[in-house]
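The structure appears below as structure tokens.
Just so it is clear, none of the values below were taken in a lab; they were calculated from the coordinates. Because the structure is a prediction, the values reported are computed rather than measured. Cβ: placed from backbone, ideal geometry, glycine included. Neighbour counts: every protein chain shown.
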């Protein structure tokens, strides 16, 4: 489904990713761990085509298409979703309007008709329940004045409504209390199906107790230095990231 | 006297106005003739040169094609309305059965005439407002709305001014006088529209309002004319004791568009909410000048103007609140925020507070910003196109003010037309038009 080969990328003059390769097949959950500054968030930004992040080498294929040629919005409509570490507040635009615009854009891209307001409201309310988010948040401005947990729930709500093929969760566990972590993880787990892939970026092993990965990769200095199963995450938790330095060198 | 001043006086001479309006017309003409023509050194016109007006030659009044004007998109087709086309009353386009409280100057009875003579030209200070002097000189017809004490006008009244092309550039005057006696209530929408074709006319509009003690006045004024049209207009209001005004205004730009709001708190405890939106684009200009005078204690002003300035357009905002020595316990807030959506767009903003009383609570501020790239990326990462994301962010910027517009029909209409107002050709705002906000409430 996703095939990253020898990807290098810069932000400004700084090289962040070096020769990174990763392959995600449908149904798989890949966790990417690593110390601060390893390039974990950059990967999500590159895969979604954020401005200011430049690919200097390598290739990314998504369902047989050259992903790097597509605009941010086209990637989203093709089925790539990034749950932001810091979801953006947009005052004045109601969450409901925003969600409907996103769903409509995707449906139009796939030749489907727009949902009527009534149909969409029903869908949005049901999905709200699944992520245990109060429906009042649909009326408010996008993420406006939401707590950390509410913002992350809203990300998962969007993910559920957009039904992406590949979900990238960028430090979704940061700033979450146990309750929010539980409902966010429940949402993710409910979406684990045989035809959907996940990349779960996290600093801590804790999240992986809730979302069990098939593979764990360690990212350091812009490249994957070690891959393994979920046991690797436990090892990292116990030993920290320092012991990997010798292997990177 | 400038050439344009002479032309304008010649135009006044061509009119055939009722005799009883002669005193107003004469004094207006005198003031107009004696006034110094504004230059760039005139503070009130510093950022808004009158060159487009001087460059256009106005020889005669219009003889509009009334039928053509019927093609405009009415804001609320069901509401009572009076329609003027290039300054001429269009009976066929207006409501058949207008409320009894409404009359044209041309058809005013003796009592109404007395009321007009008492107030017309008295709320506005035509010494300070040059184009009010011209409006006085040009007054041949107009609309009076008079709501007697304790009564309420049933439903909103729309006064629609449509501009249509003529063989040569034509001027048009628009005059509205509203008198709410004590405890009266009314909602008025002034809609300035034009047919789509290019037209280099000039609209000089003037609205005067007397809001009596304890009266409640809701007022919307939207300026949506085609961009070649020149419009200079003013709204002048006296607020009585414990009266309330909720005002909303919106303007697209044009070659020259200048709107003045002058609100006088004359009675203790008056409350004013005034919100405005301006949306110039292409090479247009919009200039809003507002001046609120707090002459007496215990009055409140909440004024918020926001502008989205695109392409190579320019906006001017000058908002002044003047608190006189006696106006203790005043609460006044003035906020102006601007969003520039292009590198070539420009805004000149000047919020002013002048305070001569010591026991007041006042705040004022202005900001200028651009579309937030992180917010754009966030929306795009959800599949929303760049253009649509820009419209959504722009909409978000002004939505709060739209929501507070006193007439729901106008709110809905503006939402529907938002893409056009923001200069977007495609139907990018379809999700804003689905009644989602309504169905949520």
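Restricting things to alpha carbons, tell me how big the protein assembly as shown is in terms of Rg and Dmax, in Å.
In order Rg, Dmax, the Cα atoms of the protein assembly as shown give 30.6, 101 Å.
Quote to one decimal, in nm, the extra length available between residue B:403 and residue B:361 on full extension: 0.36 nm per residue of separation minus the C-alpha distance between them.
Between residue B:403 and residue B:361, full extension yields an extra 12.5 nm.
If one computes P(r) from the Cα atoms of segment A:183-249, what percent of pairs lie at distances over 18 Å?
Within segment A:183-249, distances greater than 18 Å cover 40 percent of Cα pairs.
Just checking the output field for A:97-110: average partner chain Cβ neighbours within 10 Å of each residue's Cβ?
Other-chain Cβ atoms within 10 Å of each residue's Cβ, averaged: 5.
Counting helices only, and only those DSSP H runs with n ≥ 4, report the 222 nm mean residue ellipticity of the protein assembly as shown as the sum of -39,500 (n - 2.57) divided by its residues, in deg cm²/dmol to the nearest 500.
One gets -8000 deg cm²/dmol as the mean residue ellipticity at 222 nm.
Sorted from fewest to most neighbouring beta carbons within 10 Å, what does the list A:81, B:58 look like?
Ordered by Cβ neighbours within 10 Å, fewest first: B:58, A:81.
Ranked by Cβ crowding within 10 angstrom, fewest neighbours first, how are A:237, B:3 ordered?
The most exposed by this proxy come first: B:3, A:237.
State whether chain B is rounded, prolate or oblate according to the following rule on the C-alpha gyration tensor (a ≥ b ≥ c being the square roots of its eigenvalues): a/c under 1.5 gives rounded; otherwise a/b larger than b/c gives prolate, and the remaining case gives oblate.
Cα axes put chain B in the rounded bin.
Can you give me the Cα centroid spacing of segment B:303-382 and segment B:166-193 in angstrom?
For segment B:303-382 versus segment B:166-193, the Cα centre distance is 27 Å.
Between residue B:167 and residue B:41, how many nm apart are label points set 7 Å from Cα along the C-beta direction?
About 4.3 nm, to one decimal.
Between segment A:1-78 and segment A:110-158, what is the C-alpha centre distance in whole Å?
That distance is 27 Å.
Can you give the FRET efficiency for residue B:282 and residue A:243, using 1/(1 + (r/R0)^6), R0 = 60 Å, r = Cβ-Cβ distance, to the nearest 0.05?
For R0 = 60 Å, the calculated efficiency reads 0.45.
With 10 angstrom as the radius, rank B:395, A:84 by how many other C-beta atoms surround their C-beta, starting from the fewest.
B:395, A:84
Please report the spacing between the Cα centers of segment B:1-62 and segment B:228-244 in Å, no decimals.
Result: 20 Å between the Cα centres.
To the nearest whole number, what is the average tally of beta carbon atoms from other chains within 10 Å of the beta carbons of peptide B:392-405?
Average neighbour count from other chains, rounded to a whole number: 3.
Is the C-alpha gyration tensor of segment B:84-202 telling us rounded, prolate or oblate? Criteria: a/c under 1.5 is rounded; beyond that, a/b larger than b/c is prolate, otherwise oblate.
Oblate.
Measure nothing but the geometry: give the 0 to 90° angle between the long axis through the Cα atoms of A:117-130 and the longest principal axis through the Cα atoms of chain A, rounded to 10°.
For A:117-130 against chain A, the angle is about 50 degrees.
Mind pulling the angle between the C-alpha long axis of helix A:230-239 and the longest principal axis of chain A? Nearest 10 degrees, somewhere in 0 to 90.
Relative to chain A, helix A:230-239 is tipped by roughly 70 degrees.
Determine, from the Cβ-Cβ distance of residue B:114 and residue B:33 and an R0 of 35 Å, the FRET efficiency 1/(1 + (r/R0)^6), rounded to the nearest 0.05.
0.80
Determine the shielding of peptide A:74-81 by partner chains: average, over its residues, the number of Cβ atoms on other chains within 10 angstrom of each Cβ.
3
Could you give the nm distance between label points at residue A:178 and residue A:130, where each point is 7 Å from its Cα heading toward the beta carbon?
For the pair residue A:178/residue A:130, the computed spacing is 2.6 nm.
Helix A:178-191 versus the longest principal axis of chain A: what angle, 0 to 90°, nearest 10, using Cα atoms?
Tilt relative to chain A: about 90 degrees.
How high is the FRET efficiency from residue A:56 to residue B:350, r the C-beta distance, R0 56 Å, rounded to 0.05?
So the FRET efficiency works out to roughly 0.70.
Taking every DSSP beta bridge that has both residues in the protein assembly as shown, what percent is antiparallel when rounded to the nearest 5?
15 percent
Over the Cα atoms of segment B:76-115, what radius of gyration and what Dmax do you get, in Å?
Answer for segment B:76-115, Rg first and Dmax second: 11.3, 32 Å.
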